[in-house]
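Worksheet: the structure to be examined is printed underneath.
The values are calculated or read from the model by the stated rules, or taken from the named source; none is laboratory data. Predicted model, so just to flag it, every value in this text is computed and none were measured. Methodologically, a virtual Cβ is constructed for each residue, glycine included, from the backbone with ideal geometry; neighbour enumeration extends over all protein chains shown.
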Amino acid sequence: MSKLLINGNWVDGESTQVLKDKYKEEEYGQMAVASISQVTEAVDGVIQGFEDSHLSPYERYQILMQAARLTKDRIHILSELMKNEAGFTMPDAENEVRRCVQTLELSAEAAKHLNGELIPMEVASGMKNRIGYTLRMPRGIICAITPFNSPLNTVAHKVGPALAGGNAVILKPSEVTPLTSVEFFKILIDAGLPPSLLALVNGPGETIGRQLLLDQRIAYYAFTGSTRVGLEIQRAAGLRGLQLELGSIASTIVCHDADIDMAIPKIINAGFRKAGQVCTSVQKLLVDRSISASFIPKLIAATKLIKVGDPSDPETIIGPMISHEHTLRAMSFVREALESGAQLLTGGTVVGNVMEPTILINVKDTMRVYCEEIFAPVISILEFDHIDEAVMRANDSPFGLAVGLFTSNLSTAFQTSKRLRFGGIHINEASSARADVMPFGGVKNSGFGREGPAYATREMTEERLITIAY
């Protein structure tokens, strides 16, 4: 059974919740659920831990690098947990661990390179014999609230930079994937981090999350999840710091001059990995009509080769979705589209919590598969005659997290990238292309702030100006 981390100690919760694996739906563990008073006690503990901490940037670097090594050593433990908790196939789970290792390494480097700048005071009138510089100082207590679809690396993207900047952290992971966070915090402590700088509380957002928002001692919130919850956090946070990575309807554009053989594997991976439960998964696939007759059959043929089912099978590419409820929701989107005139090219069936990779065409902009985030292995193909139409359809969304564009024309790439209103525009990559070193975040209703350890570490610190007259 998982426990809570409060005041540097692993303790029982007020109650427990049974955890079931996502494929066979058999019990594999239990989650300790925190009480409201335990949440307050957890905040008390990290505040005291922060006040007592005197870790230097180099010591933080050493701890995070050791945590990266331990994470790599425990790849099998972590992968098995994520297979049960999130329904990850083994390739997806192992990739999540490898990315976490890199995120921790990048966070360690951010700790070493976090610095202010020299201000040229004497270039201003009347500032002779005066110097100025800035320092980056920790904000204090960082609260991380994380989702089920990346139960290790998204946690690392919030916790690693927070620690690199000298902060203490309280984490509320998704209540359906809590055990991966427990193992991750054990790794940080085994790496030498004082346990008093960490707190972990489990439970539903409606109670535990709201209590964390009410506690004015928390200086900064880092959240990945729905736009609806993000708006609640923004209202409650007030003038406190925020990093919000929210909803998305990701598009990928395939131009007439694209390298189809390069594009199709990337699109399939981006649309269907983790059962399509990725905020940058390809949902709208915009294809130039002049190549659709050759492109679409190749895409369908490649999709039909994908093995779906038991995530324990190393050859499985698509495992189960996170719950039966989520699976039924996705299927309702597909059924509604078909009833309204869309055409099913492949997929469209469900066994248990496993949904076949599904491709639709003749989709209208009033259908939910077009205008709402589906978060499932479903791609809707939209044909276009001119790049202006593709840009319009990609931008035709309240969200703006990521977009892909396949073209062999540099002019098209540069000009179109300026017109696409997304936080990330990826040329000759699909919308979910990501390296953990890069700044990652959205615009519009996809939120604000940036993940990426170097960027997040700066956001999780305060800039202070010091001037000296002599």
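Of the strands (runs of 3 or more DSSP E) that lie entirely inside region 335-414, those containing 3 or more residues that are buried (at least 22 other Cβ atoms within 10 Å of the Cβ) span 358-361, 378-384, 402-406.
Residue selection: residue 188 fails the criterion of being part of a loop (DSSP other than H, G, I, E, B), within 21 Å of residue 451 (Cα to Cα) and out of contact with any Lys or Arg (no Cβ under 8 Å at 6 or more places or on another chain). The residues of region 107-142 that are in a strand (DSSP E or B) and either under 18 Å from residue 56 (Cβ atoms) or within 34 Å of the chain's Cα centre (by Cα) (or both), listed by number, are 134, 135, 136, 137, 138, 141, 142. Summed over region 422-470, the residues that are over 25 Å from residue 106 (Cα atoms), surrounded by 16 or more Cβ atoms within 10 Å (Cβ to Cβ) and touching a helix residue (DSSP H, G or I) at 6+ places or on another chain (Cβ under 8 Å) give a count of 2. Scanning region 278-291 for residues that are surrounded by fewer than 24 Cβ atoms within 10 Å (Cβ to Cβ) and farther than 19 Å from residue 392 by Cα, we see that the one that is nearest to the chain's Cα centre (by Cα) is 278. Based on this model, can you work out whether residue 201 counts as buried (at least 23 other Cβ atoms within 10 Å of the Cβ), under 14 Å from the mean Cα position of the chain (by Cα) and assigned by TED's automatic domain parsing to the domain that holds residue 55? No.
Pairs linking a residue in region 35-61 that is assigned by TED's automatic domain parsing to the domain that holds residue 206 and free of Cβ contacts under 8 Å to residues at least 60 places away in the same chain to a residue that is among the β-branched types (Val, Ile, Thr) and buried (at least 20 other Cβ atoms within 10 Å of the Cβ), with Cβ atoms under 6 Å and 6 or more positions apart or on different chains, are 41/6.
Regarding residue 181, is this residue surrounded by fewer than 18 Cβ atoms within 10 Å (Cβ to Cβ), under 18 Å from the mean Cα position of the chain (by Cα) and assigned by TED's automatic domain parsing to the domain that holds residue 29? Considered against the rule, which asks whether it is surrounded by fewer than 18 Cβ atoms within 10 Å (Cβ to Cβ), under 18 Å from the mean Cα position of the chain (by Cα) and assigned by TED's automatic domain parsing to the domain that holds residue 29, residue 181 comes out as no. Residues that are within 16 Å of the chain's Cα centre (by Cα) and aliphatic (A, V, I, L, M) were ranked within region 77-101; the one that is farthest from residue 64 (Cα to Cα) is 86. Among the residues of region 68-91, not a single one is in a helix (DSSP H, G or I) and closer than 18 Å to residue 140 by Cβ. Residues of region 226-248 that are in a loop (DSSP other than H, G, I, E, B) and either surrounded by 23 or more Cβ atoms within 10 Å (Cβ to Cβ) or in the same structural domain as residue 401 (by TED's automatic domain parsing) (or both): 246, 247, 248.
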